[in-house]
Amino acid sequence: MVLEAVTAQLSAAVRDITTSRYLCAVALVLSIYDWIILVADESRTVWQGHWTLPKGIYYFNRIITVAGLFSASYQLSDLRHGTLSTKVCQIYIFVNSMVELFSFFLAN
């Protein structure tokens with residue numbers, strides 16, 4: 001009885017991780033696709049103007065979003081080799097969380 005419950009929980013966890021991998025990859029591809037289809041419009045409008053704070057925020061969010069999605073996709077993939085120390089993981093999680101949170105606040 002207990003073994004069946006543990007097996008069900010492990011199965012659900014693997015399914016959730018697999019779903020997260022696919023959704024993260026889809027989000028990354030959609031963000032890159034968005035860049036590709038908007039580059040012509042941006043070159044005619046946004047690139048021509050002077051650098052202002054809103055323009056800087058716009059580009060910060062564009063770059064940070066793709067960088068964050070790429071980082072998350074890499075972390076969820078099987079492409080990593082070896083393990084990182086606990087300290088490196090803690091620093092990575094803190095920095096990544098703060099940058100993404102800052103990006104979220106700027107976007108709203």
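The values are calculated or read from the model by the stated rules, or taken from the named source; none is laboratory data. These numbers come from a predicted model, not from an experiment. Cβ: placed from backbone, ideal geometry, glycine included. Neighbour counts: every protein chain shown. Ligands, DNA and RNA are stripped out before the accessible areas are found, and what is left, the full protein with its side chains, is counted by its heavy atoms. Shrake-Rupley method; radii C 1.70, N 1.55, O 1.52, S 1.80 Å.
The table below gives the values:
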quantity	calculated
Using a Förster distance of 30 Å, the FRET efficiency for Ser20-Thr52 (Cβ separation, nearest 0.05)	0.20
Full-extension gain in nm, Phe104 to Leu3, via 0.36 nm per residue minus C-alpha separation	32.2 nm
Label of the coordinate-derived value, Rg and Dmax of the Cα atoms in Å, listed as (i) 17.8, 57; (ii) 18.8, 67; (iii) 47.0, 154	(ii)
The range 17-83, accessible surface, carbon-and-sulfur percent (1.4 angstrom probe)	72
R0 of 22 Å, Cβ-Cβ distance Ser43-Ile63: FRET efficiency to nearest 0.05	0.85
Estimated [θ] at 222 nm from DSSP helical runs (n ≥ 4, -39500 (n - 2.57)) normalised by residues in the chain, nearest 500	-29500 deg cm²/dmol
Computed magnitude of the charge dipole of the range 7-72 (debye, nearest 20; Cβ of K, R +1, Cβ of D, E -1)	60
For a label point 7 Å along the Cα-to-beta-carbon line of Ile36, residues of the range 45-88 with backbone N under 18 Å	63, 66-67, 69-70
